[in-house]
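Have a look at the structure below before the remarks.
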Amino acid sequence: MNFEFSNFKEWTLFLDRDGVINKRKPNDYIRSTEEFEFLEGVLEALAVFNQVFKHIVVVTNQQGIGKGLMKTSELDQIHANMLSEIASAKGRIDKVYYCPALKSANSFCRKPAVGMGLLARKDFPSIQYNKSFMVGDSESDLRFGKRLGMKTVFISDDLVEIRKLHQLIDLSFPTLLHFSSYLQS
């Protein structure tokens, strides 16, 4: 799919966290700064995005809080460290939005529901969803983006999953760094 980008500086980048920015912990949650590990190339990609996008926000489901496995203060510390490392690498995240609700709660803030996207636009009124990308590694990320009218970018090299979700995917790349290279081409 070809996109015509007359001015990237009007665009917003929405990013999922686990599996896109940092290594996912299978069947568990990142509960401390020691467990948080950036995926290869992410800091370089975020430095590129810093030059490209008007707004960059993270939208992440964090039901580990709802399960009582971690405290909000612990998640805030993880995010503070993440933002500090990104800034040190010349990248930028304007704000991190997270939903602590359990999946079973069907919360309006939990992706694929659009609550975090609406909060982002409340905080940054110039956000236009039709000039936004939602970058994620799960079906809920893609559905969140589509419900708000965004272009979706699937981060995966799993061809079976890509085929399964193809109707929700506008672009697909194995890593965030590959997506940043595409934007520069």
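The values are calculated or read from the model by the stated rules, or taken from the named source; none is laboratory data. Model, not experiment: these values are computed from the prediction. Cβ: placed from backbone, ideal geometry, glycine included. Neighbour counts: every protein chain shown. Accessible surface areas use protein heavy atoms only, side chains included; no ligands, DNA or RNA. Shrake-Rupley method; radii C 1.70, N 1.55, O 1.52, S 1.80 Å.
Brief remarks follow.
- Looking only at the range 45-69, residues that are open to solvent by 10 Å² or more (accessible area, probe 1.4 Å) and part of a loop (DSSP other than H, G, I, E, B) come to 4 in all.
- Verdict on Ala105 being more than 17 Å from the chain's Cα centre (by Cα), among the small types (Gly, Ala, Ser) and over 21 Å from Ser172 (Cβ atoms): yes
- Test result for Gly19, out of contact with any Gly (no Cβ under 9 Å at 6 or more places or on another chain) and of a type in the set (Gly, Ala, Ser): no
- Test: residue in the range 151-169 that is out of contact with any Pro (no Cβ under 9 Å at 6 or more places or on another chain), in contact (Cβ under 8 Å) with a residue 40 or more places away in the chain and β-branched (Val, Ile, Thr): no
- Tabulated pairs, the range 121-132, first within 11 Å of Leu13 (Cα to Cα), second open to solvent by 40 Å² or more (accessible area, probe 1.4 Å) and of a type in the set (Asp, Glu), C-beta under 7 angstrom, 6+ apart or interchain: Lys131/Glu10
- Taking the range 88-185 and the helices (runs of 4 or more DSSP H) fully enclosed by it, the elements with 2 or more residues that are over 16 Å from Val52 (Cβ atoms) and open to solvent by 10 Å² or more (accessible area, probe 1.4 Å) are at 115-123, 139-147, 159-164.
- Selection within the range 33-65 - over 12 Å from Arg17 (Cβ atoms) and of a type in the set (Ser, Thr, Tyr): Thr33
- Condition check for Leu75: open to solvent by less than 40 Å² (accessible area, probe 1.4 Å) and under 28 Å from Glu34 (Cα atoms): yes
- Breaking point among (1) in contact with a Lys or Arg (Cβ under 8 Å, 6 or more places away or on another chain); (2) closer than 26 Å to Leu171 by Cβ, for Ile65: (2)
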